[in-house]
Amino acid sequence: MKAMAAKDEQYLTDAQGKRTGVLLDLNTYQRLREAEEELAEIQAYDTAHPKVLSEIAAGHFTGLIEYRASRGRGSK
């Protein structure tokens, strides 16, 4: 992911001048959403990885040939 530099930041303020929000251009917003999705995928992988490794180590897995046979396709 590329670093994002703020250009002409625009803030929403309340009556006392306290910043309460920010306006983003569409490209910046889309890049932030993509980065958020990428981070969620990384976190899901990091969460699942130890469990998967322990299941493999315990022999709780099915090989591709066995999986295909169980689905009635056979191996190709």
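No lab work stands behind these numbers, since they all come straight from the coordinates. These numbers were taken from a predicted model, which means no experiment stands behind them. Note that we place each Cβ from the backbone using ideal geometry, even for glycine, and neighbour counts take in every protein chain shown.
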Computed, not fitted: 222 nm per-residue ellipticity of the chain from DSSP H runs ≥ 4 (each -39500 (n - 2.57)), nearest 500, equal to -17500 deg cm²/dmol
Between the modelled labels at Tyr11 and Asn27 (7 Å from Cα along Cα→Cβ) the distance in nm is 2.5
Longest principal axis of the chain (C-alpha) makes with the long axis of helix 26-57 (C-alpha) an angle, in degrees to the nearest 10, of 30
The simple spin-label model distance between Tyr67 and Glu55, using points 7 Å out along Cα→Cβ, in nm, is 1.0
Cα extents of the chain per principal axis, largest first, Å, are 68, 27, 22
